[in-house]
Ligand code: ADP
Ligand code: MG
């Protein structure tokens, strides 16, 4: 079998680079494959165009007759671009994107055919929902699922297929996807923010959440990746000894991008441009063969779609370059894993970033209002935010000295800490004119200046303020951003609603001026949220102890972290905001628990297979060679052979020891897996996989990796870390 490894390695030397020519400026092709506003103007009647824009801006419904016009225009445009098929593109709870292609082509009798795409086909489709995770929603209601057009995210063409972004819901209306709750959470944060903005500016009509994600990934030669069953089936290596050189020289981070990777990136970026994904930065990450790509931020729903689409096309383009993209949070032990920072802010229709300080004391008070409310929201819901990023893959990263800990905290920097300290001391009740002037001049008025100096960016914080946005850094690289974005926007919405109630109550009952009331409420929030603020080293052990004293959660594993998702507090939060009903909330909890158990189950099976069917037979083969050698020495040298063969004999015994450990641990792991599989309760089952099955992974790996060091390189069947990480 080792031939596959060597064959794959040899192939790399014969590879010809894929020539990437960029003949036109990127700005010229930007959005060429998107049914964007300027294209719609060309292909739609005015009525149809206005109707899409109105749906976009005001969330209004699109009339069926108008939908017919829109679909016709969309079809004409798509066909002019070479499209032959259309699909409803959606994000089921599998984490991947889903599509089923239908041809425009239709027969009309008499041996004739036309290209057809009606309004009905645009607006609604019925994929078979039963094969997607539904957490019991379908069973409860015996309902089928359907996809419905989301006009707030534009249609686009990939290859020869017109893709229409849709939501995926059951017939009883329960959301079966990631997008529906996200859209509802965005709606909630929009209306809650607008209400609060009215204290400062009556002209604000709409507030959009923005998202700028940063995607980390590994690029591996596809032949090498294919030679590893663990990479093929689990997206990560389950064993493999560390190479002599890893990332210790820090020579990869921001270094020259290897040519093969650069060709891939340029190819990918061209496709991104065509699809209107505004990718902007690319660079090497910390680990060898690890890279990052980030776009210019966008409205959150669109940015989420763009990230899902990006992950999709990254895979497709990689095929062309004989590369494999690894999105897993921890594909290799011993070097850094991958994350996906989510940069988040709120922007008004008047163009103001509510998390960016302004030019006047009043706009700064508005900034502080949103800033402090966000901190309070994170404080009150830290455990839910932790749950939003929980996954089997991310468990390897969080708290592993390379990524934020499993403890959620907020970093705001020295300068803003000082501002909060000052605000914490404002008078209880009405403020004197002197105090107000002082606050305006010396605290609120000074913010823009101080932020310029706020360059200290604590990389160890899971949730950091970085000048004009919060950066949620603990998100996993495989994750669909919709999940963390739904939670973040929902908790901020809930917080802003509470804030407005409290301020209004002070104005009404205590006859306070608006500013006084705002200062009073903010002061209390600062006091209550102190525990979540942390400026120190998030990777340190000290912080774990300190966080425990503060009463912050530290849920290190996914099954632990997910539990809060079905708590009464969470169910009520989503119900009150109309983000999800109880059934939808519980369904997601169950799907995620189940997915966790399944992933560990698959990893356990693959590891057992590799250990028993690849590693042990190879070790035995090598051991036989050694035995032959010892026998030969004995034949030649008679009784003196022991001196000459002592090292070989040690090796023979060592190998036997490792084989024994591997076999007994694989047997024990398999028994635990069998036991876990019989457990009906999903929570107990996930716990069992986490605490009974998974601990064997490290044990089995340990002996396998030792054997890798002992066995003749020529015989070893599994492509080694040094080859995976350092071959371009
Ligand atoms: P880094 O975190 O790597 O230092 P930056 O902080 O400069 O990089 O920006 C990272 C990402 O933040 C970019 O993708 C950018 O588009 C996004 N971003 C910048 N401003 C905002 C904002 N107001 N809202 C959301 N995302 C933003
Ligand atoms: Mg960042």
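Scanning the stretch 668-712 for residues that are in contact with a helix residue (DSSP H, G or I) (Cβ under 9 Å, 6 or more places away or on another chain) and within 30 Å of residue 624 (Cβ to Cβ) yields a count of 17.
Looking for whichever is farther than 17 Å from residue 34 by Cβ, touching a helix residue (DSSP H, G or I) at 6+ places or on another chain (Cβ under 9 Å), assigned by TED's automatic domain parsing to the domain that holds residue 243 and at pLDDT 95 or above here; the options are 279, 325. Which one fits? Show your work before the answer.
On the way: 279 fails: farther than 17 Å from residue 34 by Cβ.
It is 325.
Within the stretch 642-649, none of the residues are part of a helix (DSSP H, G or I) and closer than 29 Å to residue 478 by Cα.
Here residue 520 fulfils each of the conditions (1) over 23 Å from residue 395 (Cα atoms); (2) modelled with pLDDT of 95 or more; (3) within 16 Å of ligand 1 (Cβ to nearest atom) apart from (3). In the stretch 1-26, the qualifying residues are those that are part of a helix (DSSP H, G or I) and farther than 30 Å from residue 613 by Cα, and the one that is farthest from the chain's Cα centre (by Cα) is 14. If you go through the stretch 77-119 and keep only what is out of contact with any strand residue (DSSP E or B) (no Cβ under 9 Å at 6 or more places or on another chain) and modelled with pLDDT of 90 or more, you end up with 80, 109, 110, 111, 112, 118, 119.
For the stretch 75-95, a residue qualifies if it is over 30 Å from residue 590 (Cα atoms) and outside any helix (DSSP H, G or I), and the qualifying residues are 81, 82, 83, 84, 85, 86. If you check residue 299 against the conditions, is it under 24 Å from residue 38 (Cβ atoms), more than 16 Å from ligand 2 (Cβ to nearest atom) and surrounded by fewer than 20 Cβ atoms within 10 Å (Cβ to Cβ)? For residue 299, the condition - under 24 Å from residue 38 (Cβ atoms), more than 16 Å from ligand 2 (Cβ to nearest atom) and surrounded by fewer than 20 Cβ atoms within 10 Å (Cβ to Cβ) - is met. Of the residues 353, 394, 343, the single one that is within 16 Å of ligand 2 (Cβ to nearest atom) and at negative phi is 343. Whether any residue in the stretch 681-704 is part of a loop (DSSP other than H, G, I, E, B) and under 30 Å from residue 566 (Cα atoms) is what I want to check. There is at least one residue in the stretch 681-704 that is part of a loop (DSSP other than H, G, I, E, B) and under 30 Å from residue 566 (Cα atoms).
Looking only at the stretch 27-42, which residues are over 18 Å from residue 165 (Cβ atoms) and part of a helix (DSSP H, G or I)? Working first, answer last.
We begin by selecting, within the stretch 27-42, every residue over 18 Å from residue 165 (Cβ atoms); these are 27-30, 38, 41-42.
Result: 27, 28, 29, 38, 41, 42.
Could you go through the stretch 217-229 and let me know if any residue there is free of Cβ contacts under 8 Å to residues at least 24 places away in the same chain and more than 24 Å from the chain's Cα centre (by Cα). No, the conditions are met nowhere in the stretch 217-229. Whether any residue in the stretch 248-262 is surrounded by 20 or more Cβ atoms within 10 Å (Cβ to Cβ) and either at pLDDT 95 or above or more than 24 Å from the chain's Cα centre (by Cα) (or both) is what I want to check. Scanning the stretch 248-262 turns up no residue that is surrounded by 20 or more Cβ atoms within 10 Å (Cβ to Cβ) and either at pLDDT 95 or above or more than 24 Å from the chain's Cα centre (by Cα) (or both).
Residue by residue, here is whether (1) touching a residue at least 12 places away in the same chain (Cβ under 8 Å); (2) assigned by TED's automatic domain parsing to the domain that holds residue 408 holds:
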{"residue": "509", "(1), (2)": "no, yes"}
{"residue": "513", "(1), (2)": "yes, yes"}
{"residue": "516", "(1), (2)": "yes, yes"}
{"residue": "521", "(1), (2)": "yes, yes"}
{"residue": "527", "(1), (2)": "yes, yes"}
{"residue": "535", "(1), (2)": "yes, yes"}
{"residue": "549", "(1), (2)": "no, no"}
{"residue": "556", "(1), (2)": "yes, no"}
{"residue": "561", "(1), (2)": "yes, no"}
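Taken over the stretch 609-625, the criterion of being surrounded by fewer than 19 Cβ atoms within 10 Å (Cβ to Cβ) and more than 39 Å from the chain's Cα centre (by Cα) is satisfied by 620, 621, 624, 625.
Return the residues of the stretch 201-236 that are in a loop (DSSP other than H, G, I, E, B) and either within 16 Å of ligand 1 (Cβ to nearest atom) or closer than 30 Å to residue 575 by Cβ (or both); say none if nothing qualifies. I'd like the intermediate steps shown before the answer.
Pass one, the stretch 201-236, residues in a loop (DSSP other than H, G, I, E, B): 201-206, 227-228, 235-236.
Those that are in a loop (DSSP other than H, G, I, E, B) and either within 16 Å of ligand 1 (Cβ to nearest atom) or closer than 30 Å to residue 575 by Cβ (or both): 204, 205, 206.
In the stretch 453-486, the qualifying residues are those that are within 15 Å of ligand 1 (Cβ to nearest atom) and modelled with pLDDT under 85, and the one that is nearest to residue 436 (Cα to Cα) is 454. Can you confirm whether residue 599 is more than 23 Å from the chain's Cα centre (by Cα) and assigned to a helix (DSSP H, G or I)? No: the conditions fail for residue 599. Test of understanding: among 184, 144, which residue is under 25 Å from residue 590 (Cβ atoms), more than 16 Å from ligand 1 (Cβ to nearest atom), at pLDDT below 95 and not assigned by TED's automatic domain parsing to the domain that holds residue 704? After applying the criteria, what remains is 144. Within the stretch 571-586, being in a helix (DSSP H, G or I) and touching a strand residue (DSSP E or B) at 6+ places or on another chain (Cβ under 9 Å) holds for one residue alone: 584. Is it the case that some residue within the stretch 501-510 is closer than 27 Å to residue 184 by Cα, surrounded by 24 or more Cβ atoms within 10 Å (Cβ to Cβ), modelled with pLDDT of 95 or more and in contact with a helix residue (DSSP H, G or I) (Cβ under 9 Å, 6 or more places away or on another chain)? Looking for residues that are closer than 27 Å to residue 184 by Cα, surrounded by 24 or more Cβ atoms within 10 Å (Cβ to Cβ), modelled with pLDDT of 95 or more and in contact with a helix residue (DSSP H, G or I) (Cβ under 9 Å, 6 or more places away or on another chain), one finds none in the stretch 501-510, hence no.
Do we have residue 629 as in contact with a helix residue (DSSP H, G or I) (Cβ under 9 Å, 6 or more places away or on another chain), in contact (Cβ under 8 Å) with a residue 24 or more places away in the chain and outside the structural domain of residue 261 (by TED's automatic domain parsing) here? For residue 629, the condition - in contact with a helix residue (DSSP H, G or I) (Cβ under 9 Å, 6 or more places away or on another chain), in contact (Cβ under 8 Å) with a residue 24 or more places away in the chain and outside the structural domain of residue 261 (by TED's automatic domain parsing) - is not met. Only a single criterion out of (1) surrounded by fewer than 21 Cβ atoms within 10 Å (Cβ to Cβ); (2) closer than 30 Å to residue 581 by Cα; (3) modelled with pLDDT of 90 or more is not satisfied by residue 159, namely (2).
For the stretch 533-546, the set of residues classified as surrounded by fewer than 22 Cβ atoms within 10 Å (Cβ to Cβ) and within 27 Å of the chain's Cα centre (by Cα) consists of 533, 535, 536, 537, 539, 540, 541, 543, 544, listed by residue number. Candidates are the residues of the stretch 57-67 that are touching a helix residue (DSSP H, G or I) at 6+ places or on another chain (Cβ under 9 Å) and surrounded by fewer than 18 Cβ atoms within 10 Å (Cβ to Cβ); the one that is farthest from residue 187 (Cα to Cα) is 65.
It is to be established whether one or more residues within the stretch 347-367 are in a strand (DSSP E or B) and within 11 Å of ligand 1 (Cβ to nearest atom).
From the stretch 347-367, those in a strand (DSSP E or B) are 347-348, 353; that's our starting set.
Then drop every residue that is not within 11 Å of ligand 1 (Cβ to nearest atom), which leaves 347, 353.
Within the stretch 347-367 (the criterion being in a strand (DSSP E or B) and within 11 Å of ligand 1 (Cβ to nearest atom)), the answer is yes, since at least one residue qualifies.
Looking only at residues in the stretch 201-221 that are surrounded by fewer than 22 Cβ atoms within 10 Å (Cβ to Cβ) and within 27 Å of residue 519 (Cα to Cα), the one that is nearest to ligand 2 (Cβ to nearest atom) is 210.
The values are calculated or read from the model by the stated rules, or taken from the named source; none is laboratory data. Everything quoted here is computed from the prediction, not taken from an experiment. Neighbour counts run over all protein chains shown; Cβ positions are idealised from the backbone, glycine included.
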